[in-house]
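Some notes on the structure that comes next.
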Amino acid sequence: MTRPLTFAQQALAHTGLVILSARFAIEQRPDLWADGLACAAEFGQAMARNSFANLPGIRFKAALDDQSTPVIVVARSADQLAARIEWLTGRKVISLEATVSPPQAVVAPPAPSAPPEDRHHGVVTRESSVTCSDCSAFTAGHSCSSAVQSGTEHPAANVPRRCLAFAPHWDAVDKRCGAERWPELVARPVKGGRNAPARRA
C-alpha cells in the first residue's frame, strides 16, 4: 500500500474525513514523509493512478480561505462537515459542494499467468501463506517485479501463496522476507523455478 493511500485510509478511520491534498497530508502526518516535496510527488502519482477511487465515503469539493484551488474531501458523513474541516485544518471553509464519485479504473488487471494454487503445495511450513497484494513486489499494474524468482509475471492478487520472492511493504509489522518466513522452501527445488535442479547430461 502506498503512503498517500495509507494516509487517506487512516485519516478516514480516525476522523471520518480526509482531505486529498499533499499540503494537508504533510501537515497532519509528518511521520510519513521526510519533506513536502516527497509528499507532493507521491500524491501526484496517486492521483494519476486514481488510487483513491475506492475510498468509502461521500466526495466534496471544498474551497478554503487560504487555498487558491478547491480541494477534494472524502467523508463518511456530511453532518457538520464544514465545521469538522475547520476544526481539523484551522482554515475557514468558504464553500462546500458534493461531487460525483470518480469512476472505477476502466483497465482490467491482466489475468494471472500462473495457476492460482501455491507452487509449494506439497511442502509443510510452520508459517501460513500470504497474498501477493501484501508483497511490495506486487505493482499497481498487477504484475510481479520479482517474476524471475516468483515464477509468475501476473499473479492473482488475493490468492494465498508462499513465495521466496516475498518482500513485505515498508509499513508492515512483520518485516521478514519469503526465505525467512518459509525456510522449509529454500532447499526444495521447484519445477520451472530458479532453484530447479540441473538436467543431467
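The values are calculated or read from the model by the stated rules, or taken from the named source; none is laboratory data. Quantities reported herein were computed from a predicted structural model and do not represent experimental measurements. Cβ coordinates were reconstructed from backbone atoms using ideal geometry, including for glycine residues, and neighbour counts include every protein chain displayed.
With respect to the stated conditions, GLU127 is surrounded by 11 or more Cβ atoms within 10 Å (Cβ to Cβ), of a type outside the set (Phe, Trp, Tyr), modelled with pLDDT of 80 or more and out of contact with any Gly (no Cβ under 6 Å at 6 or more places or on another chain).
Under the condition of being touching a helix residue (DSSP H, G or I) at 6+ places or on another chain (Cβ under 7 Å) and closer than 24 Å to GLY141 by Cα, which residue from the range 34-46 is surrounded by the fewest Cβ atoms within 10 Å (Cβ to Cβ)? Before the answer, list the steps.
At the first step, the residues of the range 34-46 found to be touching a helix residue (DSSP H, G or I) at 6+ places or on another chain (Cβ under 7 Å) are 36, 39-40, 42-43, 46.
Pick out the ones that are also closer than 24 Å to GLY141 by Cα and you get 39-40, 42-43, 46.
On the way: CYS39: 24, ALA40: 16, GLU42: 20, PHE43: 24, ALA46: 20.
Only one residue tops the list, namely ALA40.
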